[in-house]
Amino acid sequence: MQRQLSPLDQMLASAQTALATVFAESTESSRPDPAAGLSSPELSASDKAAAARLMRVNHVGEVCAQALYEGQALAASSPQVRQSMLRAAAEERDHLKWCETRLNDLDGRPSFLNPIWYSGSFVMGLSAGMLGDRWSLGFLKETEEQVEAHLESHLDRLPTADVKSRAIVEQMKEDERAHAEAAHQAGAHPLPRPFKWLMRIASRAMTSTAHWI
């Protein structure tokens, strides 16, 4: 039988996740990297730089996902909801590793502002969790739907020749859709339209900044 973590244990585990996500190299992913084994033509300098900027934005998105899920899990009322958040976070860690690996391949770098992105997202996740599990699931569903749309736009912008980055983004998009559907099936409460609009504004501000910094 799995031991139930105390609130202190949960906070310490969340702090460890934060440090590992922001400051340490990601551990090996639990699933194969979609880009592994793919042959890709040599990218031009401009295509390589453009792909690296987009993959940096995607990496920031996965840093934020870790923080959101950790915050929501910490505030979850139901053990089942908490475990579902942590399972989703584990899948998002695969994305984090894939993006990190591809960034290195493209001679790119993570965002200098990752500690800020993580902190802000953790507070948002914790706040959503404190509203109750159904609202928290609704926040998760809306977040994943917006991320899916964002990844779709990246498929339009990534260089056609960059088949490795495109393979990673395609798999990430499928996973985000699955997370949104899982939240819906678990009883997600639809968010008010103004709240969705504010989430989109915050997302645009983050992605625009992470594209360069």
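The values are calculated or read from the model by the stated rules, or taken from the named source; none is laboratory data. This one's a predicted model, so the numbers in the text were calculated from it and none came from an experiment. For neighbour counting, all protein chains shown are included, and Cβ atoms are generated from backbone atoms with ideal geometry for every residue, glycine included.
Quick look at the numbers
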quantity	calculated
Tally, over the stretch 179-194, of residues that are part of a helix (DSSP H, G or I) and either of a type in the set (Ser, Thr, Tyr) or surrounded by 14 or more Cβ atoms within 10 Å (Cβ to Cβ) (or both)	6
Every residue from the stretch 31-59 that is within 30 Å of Val81 (Cα to Cα), in contact (Cβ under 8 Å) with a residue 24 or more places away in the chain and surrounded by fewer than 17 Cβ atoms within 10 Å (Cβ to Cβ)	Arg31
Condition check for Ala167: closer than 21 Å to Gly129 by Cβ, of a type in the set (Gly, Ala, Ser) and surrounded by 14 or more Cβ atoms within 10 Å (Cβ to Cβ)	no
Residue check for Lys196: in contact with a Leu (Cβ under 6 Å, 6 or more places away or on another chain) and charged (D, E, K, R)	no
Any hit, the stretch 31-43, residues being of a type in the set (Lys, Arg) and either under 15 Å from Ser136 (Cα atoms) or within 13 Å of the chain's Cα centre (by Cα) (or both)	no
Which listed residue, of Glu142, Glu170, is in contact (Cβ under 8 Å) with a residue 60 or more places away in the chain and either of a type in the set (Asp, Glu) or touching a Gly at 6+ places or on another chain (Cβ under 6 Å) (or both)	Glu170
Residues of the stretch 122-154 classified as among the β-branched types (Val, Ile, Thr) and either crowded, with 23+ Cβ neighbours inside 10 Å or in contact with a His (Cβ under 6 Å, 6 or more places away or on another chain) (or both), total	2
Conditions (1) of a type in the set (A, V, I, L, M); (2) more than 30 Å from Ser46 (Cβ to Cβ); (3) at pLDDT 90 or above; (4) within 14 Å of the chain's Cα centre (by Cα): number failed by Leu137	(4)
Residue in the stretch 70-83 that is part of a helix (DSSP H, G or I), modelled with pLDDT under 90 and among the acidic types (Asp, Glu) present	yes
Single residue of the stretch 60-104 satisfying the filter (farther than 21 Å from Ser208 by Cα and basic (Lys, Arg)) that is surrounded by the most Cβ atoms within 10 Å (Cβ to Cβ)	Arg93
Sole residue being surrounded by fewer than 19 Cβ atoms within 10 Å (Cβ to Cβ) and modelled with pLDDT of 90 or more, chosen from Asp107, Asp162	Asp107
Members of the stretch 200-213 found to be touching a Phe, Trp or Tyr at 6+ places or on another chain (Cβ under 8 Å) and surrounded by 14 or more Cβ atoms within 10 Å (Cβ to Cβ), listed by number	Met206, Ala210
Subset of the stretch 43-60 (residues that are under 12 Å from Lys164 (Cβ atoms) and assigned to a loop (DSSP other than H, G, I, E, B))	Leu43
